[in-house]
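Step one of this worksheet: look at the structure below.
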Amino acid sequence: MEETISLKELFNTLKKRMLLIIMIALIAVSASAVVSYFFITPVYQSSTQLLVNQERTEQPNLNVSDIQANLELINTYNVIIKSPVILDKVSEQMNGKFSAAQLNEKITVQTESESQVVNVSVQDPDPHVAADIANSTAAVFQEDIVELMNVDNVSILAPAEVKSSQAPVSPQPILNMAIALVVGLMIGVGLAFLLEYLDNTIKTEQDIEKTLDLPLLGVIGNITSIVEEDPKPKKSRTADVRSERYGG
């Protein structure tokens, strides 16, 4: 029984503060939309794919150690791609527009699960610049890996291209607005319960019982006095005396 009453009180609190909760949620969503559409610079992403071929071996089948060696080789390539040896040359090809440290922040290298394909992704506010950095990085790596590792087993599968209808990867206004809505509702609900907790005024009979810890014996209602007026106007006594004195 106490749990039912507790849930009812919670529901009544939310119902009483519903306008406040909705206003806070709308403010949060509006602020998120304004920031996402007008203040955050869109960022575009371009990617190129590299294929790391297996080294030729006289054995017809690969054993576990060969597979492990290939995976370690791919992980090594991932580190080399973002190394200053590669990025310094990419910076030179970009006419020094970006330093090696700046390129390192823009480039992300990922390996497809259980494959020999390496994705080189670049993010930049200009989609054409992002594609140029990705293609330059792949070309420099393919050329220099021959001298660095004494192997020639890297091929470019798909160069980075700029599509006409390419959408930015960030910001994502819809996602940001959805997150802002959830956060706004949480803040509104929390504020509603906080205001209810800080409200010590007595409004109902139940509040009196809780405050005094005494049973309620009776309730005095509001009594409104109604005075009925005679529709016929009463004749003044002074007028009656004057009438008798002058024989009126």
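Miscellaneous remarks
- Taking segment 133-156 as the range and being in a loop (DSSP other than H, G, I, E, B) and either under 11 Å from Gln45 (Cα atoms) or out of contact with any strand residue (DSSP E or B) (no Cβ under 8 Å at 6 or more places or on another chain) (or both) as the test, the residues that pass are Asn150, Val151, Asp152.
- Selection from segment 148-165 of residues that are open to solvent by 50 Å² or more (accessible area, probe 1.4 Å) and either under 25 Å from Asn78 (Cβ atoms) or modelled with pLDDT of 90 or more (or both): Leu148, Met149, Asn150, Asp152, Ile156, Leu157, Pro159, Glu161, Val162
- Listing of helices (runs of 4 or more DSSP H) fully contained in segment 166-248 that carry 2 or more residues being surrounded by 12 or more Cβ atoms within 10 Å (Cβ to Cβ) and at pLDDT 65 or above: 173-198, 205-212
- Of the residues making up segment 48-91, those that are touching a helix residue (DSSP H, G or I) at 6+ places or on another chain (Cβ under 9 Å) and either at pLDDT below 70 or open to solvent by 50 Å² or more (accessible area, probe 1.4 Å) (or both) are Gln49, Gln54, Glu55, Thr57, Gln59, Leu62, Thr76, Lys82, Pro84, Val85, Asp88, Lys89.
- Inter-residue pairs, beta-carbon under 8 Å, first more than 25 Å from Ala131 (Cβ to Cβ) and in segment 148-160, second hydroxyl-bearing (Ser, Thr, Tyr) and open to solvent by less than 70 Å² (accessible area, probe 1.4 Å), 6+ apart: Met149/Thr76
- Residues located in segment 127-142, provided they are crowded, with 17+ Cβ neighbours inside 10 Å and of a type in the set (A, V, I, L, M, F, W, C): Val129, Ala130, Ala131, Ile133, Ala134, Ala138, Val140, Phe141
- For segment 111-132, a residue qualifies if it is in a helix (DSSP H, G or I) and not hydrophobic (A, V, I, L, M, F, W, C), and the qualifying residues are Pro127, His128, Asp132.
- Under the condition of being of a type outside the set (Phe, Trp, Tyr) and either over 14 Å from the mean Cα position of the chain (by Cα) or open to solvent by 30 Å² or more (accessible area, probe 1.4 Å) (or both), the residues counted in segment 30-39 number 4.
- In segment 94-126, residue surrounded by the fewest Cβ atoms within 10 Å (Cβ to Cβ) [restricted to those that are without any contact (Cβ under 8 Å) to a residue 40 or more places away in the chain and among the β-branched types (Val, Ile, Thr)]: Thr108
- Pick from segment 8-47, criterion among the polar types (S, T, N, Q), closer than 16 Å to Pro173 by Cα and in a helix (DSSP H, G or I), ranking: modelled with the lowest pLDDT: Ser36
The values are calculated or read from the model by the stated rules, or taken from the named source; none is laboratory data. It should be emphasised that the depicted structure is a prediction, and the values quoted were computed from it without experimental measurement. Because the Cβ atoms are built from the backbone with ideal geometry, glycine has one as well, and the counts that use them run over all protein chains shown. Calculation scope for accessible area: heavy atoms of the full protein, side chains included, ligands and nucleic acids excluded. Shrake-Rupley method; radii C 1.70, N 1.55, O 1.52, S 1.80 Å.
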